[in-house]
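Notes follow once the structure below has been shown.
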Amino acid sequence: MGRLFVGVLGVSTKRRTIIAGNWKMNKTFGEGKKLAAAIVEGVKDKKDLPEIVLCPPFTLLSEVTESTKDSAVKVGAQNMDYRDEGAYTGEVSPVMLTSMSVGYVLIGHSERRQFFGETNATVNLRLKAALRHDLVPIVCVGETLDEREDGLTDAVVRRQVAAALADIDETDLEKIVFAYEPVWAIGTGKTCEADEANRVAGLVRATVNEFYSRGESGQKNKSTVGEQIPVLYGGSVKASNVDEQLALEHIDGSLVGGASLTAQEFLPIIEAGAKRVARVPSKA
Ligand code: PGA
């Protein structure tokens with residue numbers, strides 16, 4: 001209760017709430033269409049909605065943007081190339097995404113890092129491309145189980161955040177969203193303890209602040225830009241644990257994988273986001 005009180009009174013009161021569903025490589029055309037329609041129907045006429053973002057596979061982006069077009073539901077891609085066009089077989093560019101009303105893009109999801117060669121350097125290139133094209137980037141960071149067991153969680157997360165931000169101007173930060181997703185908690189059913197998720201989400205924010213705080217003649221010019229940035233938690237989020245997570249100071253929303261694949265499981269998570277919005281109205 002104490003923690004909630006601090007959150008309600010603190011700077012975090014101004015950060016928006018975002019509930020994003022990452023469908024990963026799931027849903028055929030017909031299934032995806034049905035799921036998007038069920039989410040739209042489920043949030044119709046609801047008050048205090050969080051920012052709701054569905055991230056279907058590329059094959060469904062067109063259909064999902066169409067099904068959600070007159071609703072509160074927004075659409076994001078799960079990845080994109082950082083170049084605008086060219087001979088890059090199999091890739092999808094930011095220009096293609098914005099041309100079909102996709103507004104968000106996941107960047108550096110751990111599965112991209114683990115299986116598709118994504119590195120901190122390519123995350124930075126994609127982040128810059130997203131900003132250039134006015135897409136809202138959701139930048140994913142998080143440690144593996146080995147890194148956690150070796151006590152490297154904070155170092156890894158700090159390095160990922162700082163590397164993502166290389167050469168990005170502080171004035172461009174308005175649009176960025178981060179997601180803390182401990183790799184060992186993704187798709188495993190093992191949720192990170194809410195207090196620990198909150199601590200690392202706070203570390204993400206503190207790292208952003210440090211990154212933009214410049215030392216001049218021994219005097220630090222302190223940045224607080226990180227206080228405006230939404231930080232989501234992801235990793236086995238479900239209806240039964242989301243309320244506890246969203247009550248904490250540094251967790252501004254959820255990036256949901258498995259539990260975003262049915263309306264039955266995803267709608268209660270959106271509802272939890274709506275409760276946070278009612279409790280913690282955003283500035284926007
Ligand atoms: P999960 O996935 O909710 O299935 O753990 C989260 C994610 O990978 O974004």
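Straight-distance candidates among the aspartates and glutamates for linking to LYS128, with alpha-carbon spacing under 18 Å and chain neighbours fewer than 8 residues away dropped: ASP81, ASP84, GLU85, GLU91, GLU118, ASP167, ASP169, GLU170, ASP172, GLU174. Remark: for residue pairs LYS14/LYS74; LYS44/LYS175; LYS14/LYS46; LYS238/LYS275; LYS24/LYS74; LYS14/LYS275, the C-alpha separation exceeds 18 Å in LYS14/LYS74; LYS44/LYS175; LYS14/LYS46. Once the 1.4 Å probe is applied to the protein heavy atoms, the range 172-212 comes out at 35 Å² accessible per residue.
Loop-located chymotrypsin sites (Phe, Trp or Tyr not before Pro) across the range 57-92 with a Cβ neighbour count of 15 or fewer within 10 Å are TYR88, with loop assigned by DSSP. Largest first, the residues ASP45, ASP81 sort by 1.4 Å accessible area into ASP45, ASP81. Pairwise alpha-carbon distances in the range 33-136 exceed 22 Å for 34% of all pairs. Computed per residue of the chain from DSSP H runs no shorter than four, each worth -39500 (n - 2.57), the mean residue ellipticity at 222 nm is -12500 deg cm²/dmol.
With the simple model of a label 7 Å out from the Cα in the direction of the Cβ, MET100 to ASN26 spans 2.1 nm. With both labels modelled 7 Å from their Cα along Cα-to-Cβ, the GLU149 to ALA166 distance reads 3.0 nm. Between the listed residues PRO50, TRP23, THR68, the Cα displaced farthest toward the positive end of the dipole of the range 6-88, a dipole computed from Cβ unit charges relative to the Cα centre, is found at PRO50.
The string of couplings for the range 134-143 from the Karplus curve (6.51, -1.76, 1.60, θ = phi - 60°) is 6, 9, 7, x, 10, 8, 9, 9, x, 9 Hz, one whole number per residue in order, with x for Gly and Pro. Subtracting the Cα-Cα distance of ASP70 and PHE115 from 0.36 nm times their residue separation leaves 12.6 nm of extension gain.
The values are calculated or read from the model by the stated rules, or taken from the named source; none is laboratory data. In this text, all values refer to a predicted model and were calculated from it rather than measured experimentally. A quick note on method: Cβ atoms are made from the backbone with ideal geometry, for glycine too, and the neighbour counts reach across all protein chains shown. To get the accessible areas, we keep the full protein, side chains included, count just its heavy atoms, and leave off ligands, DNA and RNA. Shrake-Rupley method; radii C 1.70, N 1.55, O 1.52, S 1.80 Å.
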